[in-house]
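Taken together, the values in this text are just the output of simple stated rules run on the coordinates, not laboratory data. Owing to the predicted nature of the structure, the values given are computational and were not obtained by experimental measurement. Neighbour counts are summed over all protein chains in view; Cβ atoms, including those assigned to glycine, are modelled from backbone coordinates with ideal geometry.
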Amino acid sequence: MKVAPYSSAELIRLLAESSEADEAFLLRKAHRRFFEGYLAQLGAQTIVVEPVYTDRDYLHDYAGYYVSCFHAYKRTTARLHFFDKAFDLTAFTKLLTGDLSQLTALELQDAYLGFIVVKPLPKTVIGRTCLRTYPLDAGRRHFPVVQEYFANLFGIQLKVSSLAFQEQDSVAAACATSALWSCFHATGKYFHHPILSPTDITKAALVSLPTTDVPDTRAFPNRGLSATQMANAVNAVGMDPQIVGAKDEHLVKSTLYAYLKGKIPVLLGIVLIDYDVNNVQHRMKSMGQHAVATAGYSTGAPAPVPYGAGFKLYASRIDKLYVHDDQLGPFARMSFKSLPGSEWAMSTEWESERGAEVIAAPKIMLLPLYRKIRIPFEIVHDTILELDGLLEAVRAQFFSGNDRPEWDIYLTTVTDFKSETLAGTNGLGKDALLALRTALPKFLWRVSATCGGVPCCDFLFDATGIEQSSLLLLAKIYSADLMTMLQALAANPTVGARQTFHVLECIAAGSKLGTPLIFGP
Amino acid sequence: MKNSTALDGLGSPSLVRSIAEWLESNDGRQKIQESLSQSQASVKVLNEARTVDPKALQEPVTL
């Protein structure tokens, strides 16, 4: 057991001491720079070393690969715990012996920033890492997929809210494996599926070898996975993989937001580009394809960015993603960035070999979905986009003094919806009792809108239904003007695509039918 | 329990009628048609962006 004041140099020394890597090599790693910055932001002051720790994931990889190497790699790891409170070995030892005069278990918990498991390997030493997120900054930052991780430190129970991260070891796992592993840590707890170790993920991804996808790849050592192989791994844990293109900025922001807020992490496939704006001949130099797990987002833009003919979506306020990038660390920042022309990309925390910057061009989004979530986001998004256009035509003519609605579309569950309803935080008011007593499906698409910052409507769509039927389950219209517009449109529902038509049809029939529930102001 | 989904007494019936009449007028139809065309154009762009080139699914992610 060791207790040391935190510093970047001390962290490197402890990582080297707990692994087979030397300090000079660790100092050159991008992880060193990342963790130095991240732990400084969290205000780390003390490190407690747990010198012998049996880590499930490393043990699986050890049994699957390292045990049969000629070199005798250790089967146990070390674990470094971080605290934002200064204390020394004497104070910590006193706590362990029941003397609370200098430090208490409660103080230790309050100061707990999380842990890094150190693998006893020569290069890829960052094992399972659960560190506290960035502060929420008054609601600007959101980390909906974090879980509670418990650590028992010499008998003291500690917990941290995080999403597990680890660096790829390039043997049992490639970057895509590490990103999938982080995603499974969220979905496994949320949807109750087994959380595979990196070795098992790689095996599941490469279920049909030989493959034409990555012809020079064997299962182990592993050089990389294709999107199809990643989808195989998602399928192996009983989830449905959905792959969506990521060429449009609005599409990326809206899709990531809708699923992340629904507690589903999205795996983002990107192309990394060394981007030198001053180099006219070789402005962009492709570095290769990479995969990261999205773990959070920042809604830092002060206003929504209108899309198409002026459609306002709350998700367009996203200015930054927080991703688990196995080549950097947890919650690495990627900001949306405009390039010359109408091009866009994302900035990264990677370092450029040319002294410029490394940007990312998103290519695909891989959604690990519970099988009952059958209605994709795009159905609801496109319905609301069309409905908004129809409402806008009427608003411009009759209610030009009103603001255009800003829509918020995301996945939720009946449990979350009813908990909010019971707590009285979703504005159903007098209609709450009926909404609580009504049977609803497990997964729902929630659509809320505000006009000038004031709630104007709330829709619930069935996320488990079939596209051909009406998916609207509940509509609560807060604004009398909006209800007037909807009723007028509903009186003439000869326009619009199928779901838009169903919405208007339901609102027109609201007074006659029990389902869906249509509540007025 | 009484089903309270009724919309009776909401908004202004005369305004609803006026808007409905405008929607059936040439001007209203044109505005609605323009709106629908714009929505369809946006959805078309999004659908293209959503589509993944099958070749891209086979490319290795190696970094």
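At-a-glance table
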item	result
19 Å cut-off, amide nitrogen to a point 7 angstrom out along B:D53 Cα→Cβ, residues in the range A:270-297	A:270-274, A:284-291
Cβ-defined net charge surrounding A:Y149, 11 Å radius [Lys, Arg +1; Asp, Glu -1]	+3
The range A:342-403 shape via C-alpha gyration tensor axes, a/c threshold 1.5	oblate
Exceeding the 19 Å Cα-Cα cut-off - candidates A:K263/A:K363; A:K247/B:K55; A:K263/A:K442; A:K263/A:K418; A:K74/A:K123	A:K263/A:K363
Longest DSSP-loop-exposure-free segment, GluC sites (Glu not before Pro), chain A, at most 12 other Cβ within 10 Å	A:1-342
For A:S178, B:S42, B:S12, order by how many other beta-carbon atoms lie within 10 Å, fewest first	B:S12, B:S42, A:S178
Lys/Arg +1, Asp/Glu -1 at C-beta; the protein assembly as shown dipole; positive extreme among A:T124, A:V414, A:V454	A:V414
Rounded if a/c under 1.5, otherwise prolate or oblate - the range A:213-359, Cα gyration tensor axes	oblate
Peptide A:15-26, shielding by other chains (average Cβ, 10 Å cutoff)	0
Footprinting exposure proxy for A:L95, A:L486 (fewest neighbouring C-beta atoms within 10 Å first)	A:L95, A:L486
DSSP beta bridges in the protein assembly as shown [antiparallel fraction, %, rounded to 5]	95
Packing-based exposure ordering (other Cβ within 10 Å, fewest first) of A:V52, B:V45	A:V52, B:V45
Shape of the range A:1-55, Cα gyration tensor, a/c cut at 1.5	oblate
Axial C-alpha extent at least 20 Å, average Kyte-Doolittle at least -0.5 - helices from chain A (DSSP)	A:175-191, A:377-398
Label-point separation in nm, A:K372 to A:E343, each point 7 Å along Cα→Cβ	4.5
Mean residue ellipticity (222 nm) of chain A, computed from DSSP H runs ≥ 4 via -39,500 (n - 2.57), nearest 500	-9500 deg cm²/dmol
